[in-house]
Amino acid sequence: MTEPDHWKIHVTRICMGAVAGVTASAVKYWSHDHATVVDLIMKQKMDQLTNFWSGYSIGLVVLLFLGAVSAWIVREYDFARCFG
């Protein structure tokens, strides 16, 4: 294995984990919180909406980081085997 391939594998695993973290956050939003956001927008409670998105942003960063670290530790580089 050449050196660039070695780094490519690491970056691929980290990106797979990051995508998994973003996906988990998106699923949580659509399944639990979309109605709340629409309600806040309709009632024009922008200060609460700002707080909501701030919390979601922090949660997204945490899930992205944990997904990336988890995928890197597992040492899997095949998307089909990770999600299949």
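The values are calculated or read from the model by the stated rules, or taken from the named source; none is laboratory data. A quick note: this is a predicted structure, and the numbers were derived from the prediction, not measured. Positions of Cβ are backbone-derived with ideal geometry, glycine not excepted, and every protein chain shown enters the neighbour counts. These accessible areas exclude ligands, DNA and RNA; they are computed on the full protein's heavy atoms, side chains included. Shrake-Rupley method; radii C 1.70, N 1.55, O 1.52, S 1.80 Å.
For region 2-15, the candidate set comprises residues that are among the aliphatic types (A, V, I, L, M) and out of contact with any helix residue (DSSP H, G or I) (no Cβ under 8 Å at 6 or more places or on another chain); within that set, the residue that is most open to solvent (accessible area, probe 1.4 Å) is VAL11.
A residue that is of a type in the set (Phe, Trp, Tyr) and touching a residue at least 60 places away in the same chain (Cβ under 8 Å) cannot be found anywhere in region 21-32.
Can you pull out the residues in region 16-36 that are of a type in the set (A, V, I, L, M, F, W, C) and surrounded by 15 or more Cβ atoms within 10 Å (Cβ to Cβ)? Steps first, please.
The initial filter retains those residues of region 16-36 that are of a type in the set (A, V, I, L, M, F, W, C), namely 16, 18-20, 22, 24, 26-27, 30, 35.
Once the filter is applied, which keeps residues that are of a type in the set (A, V, I, L, M, F, W, C) and surrounded by 15 or more Cβ atoms within 10 Å (Cβ to Cβ), region 16-36 yields MET16, ALA18, VAL19, ALA20, ALA24.
Only one entry in TRP30, TRP7 is at pLDDT 90 or above and either assigned to a helix (DSSP H, G or I) or farther than 20 Å from ARG75 by Cα (or both), namely TRP30. Among the residues examined, ILE14 qualifies as in contact with a Phe, Trp or Tyr (Cβ under 6 Å, 6 or more places away or on another chain), at pLDDT below 90 and part of a helix (DSSP H, G or I).
Return yes when ASP47 is modelled with pLDDT of 85 or more and more than 24 Å from VAL19 (Cα to Cα) and no when it is not. For ASP47, the condition - modelled with pLDDT of 85 or more and more than 24 Å from VAL19 (Cα to Cα) - is met.
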